[in-house]
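First up is the structure itself, then whatever we jot down about it.
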Amino acid sequence: MKKYLLITAIIVAVIASCKTTRPLVYADKTLPVRGFCIVAPLPRTVDSFVNFINNDLAPRGVNVLVLRVDFNYQYTSHPELRDSIALSKEDVKKIVAACKANNIQVIPQVNLLGHQSWANKTYNLLKKYPEFDETPSVIMPVKYEWPNADSLYCRSYCPLHPGVHAVVFSLIDEICDVFEANAFHAGMDEVFYIGDSKCTRCAGRDKAALYAGEVTVLRDHLAASKKELWIWGDRLLDGNTTGLGMWEASKNNTWAAVDMIPKDVMICDWHYERADKTPVYFAMKGFHVITCPWRDAAVANRQLADIIAFRNESTGDMKPRFGGMMQTVWTSNSNFLKGYYENKIDTVRGTKTEWYCFRELYKSIGRLSSSK
């Protein structure tokens, strides 16, 4: 392993070889992952998004693009799961070509396990395959409110249903193939419905074991074709002990799954209001982890400083586990681009917007590069 060089007070960490082969390789050793996560564009805005890749992501040195696709693709393996308006293969290839030209690794996401509904709308998987539903007795409300008597946030599929993985694996394989991807993001965040007491397959089972089992099944399927699994990290944090609560962490005991899943799963650790030090926890558990901010630029910059410090001040084994940063966007693709290009100010939050956070975070990342 090469010696670490001190350059303008930043120790550049050489990525150590791992026991598990990881398919993603990044050239920058100060901050290996410089990511951006956003919902995939609709067909009519693909060209605008390609321009954004070429003119805005690439010049900032973004090298990972996570695209939340879900059912916004014209699947041929399961055409019944397509959205009514969905990306064609030709649309996707435009995005892939732009990413290739700019050395950006594109990673498609399809939300698995949880997030099978939103508010009062059930998404395509459970709409077309209601037998996969973990909680079929819960009736979708006409008007959604939280909290509610059923503790309904988002529906989940049952990870033990004998037919669910044949469908899920087909979607994974097809979306990875069309995006020419060597990694896949399965989401798996904010899973509240798991191991339901009324489920004939899951009732009485340990929720952590159920969650870990699903992560492992997905990881093993991807590993068979040398692809990497990415997931959000919130279900692996203890919401009670840490005080992180039920959204950023787990209060239904899935957190114990952190000791049950393969260590080559990439953890996307999101915290939006504080620079919580949970990357250290994941790294000490043996995982590679990237920090994911949202709309608060001050928090994002503290998280960036933390990642650099963690890489600088850790052992040789720990250094490469702190992978980098990934800006997340939770509005529509077109709304983000409009806000970004118009430099819009939020009427309530001012500059606490996804586009402002993105600009400021990547200004700071750019200064890391210029200081070499």
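None of the figures in this text is laboratory data; all of them are computed from the coordinates on show. Everything quoted here is computed from the prediction, not taken from an experiment. For neighbour counting, all protein chains shown are included, and Cβ atoms are generated from backbone atoms with ideal geometry for every residue, glycine included.
For helix 207-223, what angle does its Cα long axis make with the longest principal axis of the chain, in degrees from 0 to 90 and rounded to 10?
Tilt of helix 207-223: around 60 degrees.
In nm, to one decimal, how far is the modelled label at Arg349 from the one at Glu180, with both set 7 Å along Cα→Cβ?
3.5
Please list, in chain and number order, the residues 5+ apart from Tyr73 or on another chain whose amide H is under 5 Å from its amide H, with Hs placed from the backbone.
Asp83, Leu87
Straight-line reach from Lys277: which lysines have a Cα under 24 Å away, not including same-chain ones fewer than 8 places off?
Lys29, Lys251, Lys263, Lys285, Lys319, Lys352, Lys363
So what is the relative contact order for segment 232-326, in percent, with contacts set as C-alpha pairs under 8 Å and at least six apart?
22
Quick one: net charge around Pro279, please, counting Lys, Arg +1 and Asp, Glu -1 for every other residue with C-beta under 14 Å from its C-beta.
After counting each charged neighbour, the total is +1.
Just tell me which lysines come within less than 27 Å, Cα to Cα, of Lys127; anything on the same chain fewer than 8 places away is out.
In chain and number order, the partners are Lys89, Lys143, Lys198, Lys207.
I'd like the Kirkwood hydrodynamic radius of segment 240-372, using the inverse of the mean 1/r over distinct C-alpha pairs, in Å.
Result for segment 240-372, one decimal place: 16.1 Å.
Which percent, nearest 5, of DSSP beta bridges in segment 5-370 are antiparallel?
Just about 20 percent of them are antiparallel.
Compute the acute angle (0 to 90°) between the alpha-carbon long axis of helix 354-370 and the principal axis of greatest extent of the alpha-carbon atoms of the chain; round to the nearest 10°.
40
So how much slack lies between Ala203 and Ser170, counting 0.36 nm per residue of separation and subtracting their Cα-Cα distance, in nm?
Contour length minus the Cα-Cα distance gives 9.1 nm.
Which distance in nm do the two modelled labels at Glu145 and Arg367 give, with both placed 7 Å along the Cα-to-Cβ direction?
It works out to 4.7 nm between the two label points.
If I model a spin label as a point 7 Å beyond the Cα along the Cα-Cβ vector, how far apart are those points for Lys263 and Asp220 in nm?
With each label placed 7 Å out from Cα toward Cβ, I get 2.0 nm.
Computed over the Cα atoms, what is the radius of gyration of the chain divided by 2.2 N^0.38 Å, N being its residue count?
So the chain has a normalised radius of gyration of 0.96.
Cβ under 12 Å from Phe310's Cβ, Phe310 left aside: what net charge do those residues give with Lys, Arg +1 and Asp, Glu -1?
My count for the surroundings of Phe310 gives +1.
Rounded to the nearest 10 degrees, what's the angle between the helix 333-342 long axis and the longest principal axis of the chain, both from Cα atoms, 0 to 90?
Between the helix axis and the principal axis of the chain, the angle is about 30 degrees.
Note down the magnitude of the dipole of segment 176-287 about its Cα centre, charges +1 on Lys and Arg C-beta and -1 on Asp and Glu C-beta and zero elsewhere, to the nearest 20 debye.
With only Lys, Arg, Asp and Glu charged at Cβ, the dipole is about 320 debye.
Of the residues Arg60, Arg155, Arg68, which exhibits the maximal mean-square fluctuation in a Gaussian network model of the chain defined by a 10 Å Cα contact cut-off?
Arg60
Where nothing but the Cβ of Lys and Arg (+1) and of Asp and Glu (-1) is charged, how large is the charge dipole of the chain around its Cα centre, in debye to the nearest 20?
In total the dipole reaches around 1040 debye.
From zero outward in steps of 5 Å, how is the percent of C-alpha pairs of segment 181-260 spread across the bins?
P(r) over segment 181-260, rounded to whole percents: 3, 16, 23, 22, 18, 11, 5, 1.
Note down the net charge around Gln74, summing +1 for each Lys or Arg and -1 for each Asp or Glu among other residues with Cβ under 12 Å from its Cβ.
Every neighbour counted, the sum reads -3.
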